[in-house]
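Notes for the one structure printed next.
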Amino acid sequence: MEKYDKKGDVSYTLGTTLTFELMLRKPEVARKIYVNPKQKRDETYEKMRLLAEKQHVPFITNNQKIFSLSEKDNVMMIGEFQKFQTETVPSGNHVVLVNPSNQGNLGTIFRSSAAFSIDFLAIIRPAADAFDPKCVRSSMGAIFSVPFAYFPSFEAYQALAGYRHYYPFMLQCSTPLHTIEKLAPYSLIFGNEATGLPDSFLSIGTPVRIEQSSQVDSLNLDNAVSIGVYAFR
């Protein structure tokens with residue numbers, strides 16, 4: 001068993017809760033379930049065993065080596081799953097991330113998107129790897145419930161997204177978020193953690209700004225997305 005390979009076709013859920021999320025929300029991509037030999041043969045063990053049996057997923061209890069994938073020694077279950085993404089862009093409300101670079105932020109954005117009923121997450125390359133186990137962990141399993149796909153450019157996303165209202169979130173904009181008319185279906189657009197969105201997005205849709213104090217120069221990306229999706233919710 002090797003470490004996670006960004007270029008490979010599988011990733012891992014490192015932990016019991018994440019592995020249950022995989023099996024409950026997207027069992028069709030599950031390939032194997034590994035159980036730490038230290039795991040008690042308790043109710044949790046039996047629930048996972050039955051889920052694996054129902055979905056015809058191999059349930060492996062004698063492979064201690066794979067648990068070196070985790071930096072923690074208290075991981076009792078690991079799920080191996082096939083990488084996936086949504087093949088068609090669904091209707092509804094979207095979040096668009098232009099060149100996000102941090103796996104932890106990306107995972108948290110998956111979780112916020114699930115919490116506030118976002119229908120699709122579009123990720124514009126270059127971008128952080130959604131399948132890195134660090135991202136899967138920070139999503140708390142929401143990666144298995146929020147449809148998403150990568151695109152080579154914003155224009156490529158637009159070509160498939162259909163009619164919608166665009167709202168770029170930009171520090172360069174002077175229009176406060178709370179003053180705008182919020183129209184659906186919408187796409188809330190956010191830029192890179194370090195640079196934000198380029199000025200070219202000022203001419204797309206209705207650019208908005210999250211008002212904040214002068215104590216900080218900007219909000220972290222995952223915080224900005226959470227505020228945005230909550231405001232539109």
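Tabulated data
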| read-out | value |
| --- | --- |
| Residue 158 polar (S, T, N, Q), free of Cβ contacts under 8 Å to residues at least 40 places away in the same chain and assigned to a helix (DSSP H, G or I) | yes |
| Subset tally (residues that are over 20 Å from residue 113 (Cβ atoms), in contact (Cβ under 8 Å) with a residue 12 or more places away in the chain and not in a loop (DSSP other than H, G, I, E, B)) for the stretch 168-200 | 3 |
| Pairs, first not assigned by TED's automatic domain parsing to the domain that holds residue 139 in the stretch 102-121, second at pLDDT below 95 and surrounded by fewer than 22 Cβ atoms within 10 Å (Cβ to Cβ), C-beta under 9 Å, six or more apart | none |
| Number of positions in the stretch 81-122 that are among the basic types (Lys, Arg) and loosely packed, with under 15 Cβ neighbours inside 10 Å | 1 |
| Members of the stretch 123-141 that are assigned to a strand (DSSP E or B) and surrounded by fewer than 22 Cβ atoms within 10 Å (Cβ to Cβ) | 124 |
| Condition broken by residue 72, with the remaining ones in (1) charged (D, E, K, R); (2) under 15 Å from residue 12 (Cα atoms); (3) touching a strand residue (DSSP E or B) at 6+ places or on another chain (Cβ under 7 Å) satisfied | (3) |
| Residue under evaluation residue 218, criteria (1) farther than 28 Å from residue 29 by Cβ; (2) touching a strand residue (DSSP E or B) at 6+ places or on another chain (Cβ under 9 Å); (3) crowded, with 16+ Cβ neighbours inside 10 Å, criterion not met | (3) |
| Single residue of the stretch 192-212 satisfying the filter (among the small types (Gly, Ala, Ser) and under 14 Å from residue 98 (Cα atoms)) that is surrounded by the most Cβ atoms within 10 Å (Cβ to Cβ) | 196 |
| Tally of residues being out of contact with any strand residue (DSSP E or B) (no Cβ under 9 Å at 6 or more places or on another chain), of a type in the set (Asp, Glu) and in the same structural domain as residue 57 (by TED's automatic domain parsing) across the stretch 1-47 | 3 |
| Residue within the stretch 70-81 that is touching an Asp or Glu at 6+ places or on another chain (Cβ under 6 Å) and modelled with pLDDT of 95 or more present | no |
| Subset of the stretch 179-215 (residues that are touching a strand residue (DSSP E or B) at 6+ places or on another chain (Cβ under 7 Å) and of a type in the set (Asp, Glu)) | 211 |
| Filter result (in a helix (DSSP H, G or I) and either hydrophobic (A, V, I, L, M, F, W, C) or on the phi > 0 side of the Ramachandran plot (or both)) within the stretch 1-45 | 18, 20, 22, 23, 24, 29 |
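Residues checked against (1) basic (Lys, Arg); (2) modelled with pLDDT under 95; (3) more than 18 Å from residue 105 (Cβ to Cβ); (4) crowded, with 17+ Cβ neighbours inside 10 Å:
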site	(1), (2), (3), (4)
161	no, no, yes, yes
171	no, yes, no, no
176	no, no, yes, no
186	no, no, yes, yes
214	no, yes, yes, no
229	no, no, no, yes
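The values are calculated or read from the model by the stated rules, or taken from the named source; none is laboratory data. Bear in mind the structure is a predicted one, so any value in this text is a computation, not a measurement. Ideal geometry is used to build each Cβ from the backbone, glycine not excepted, and the neighbour counts take in all protein chains shown.
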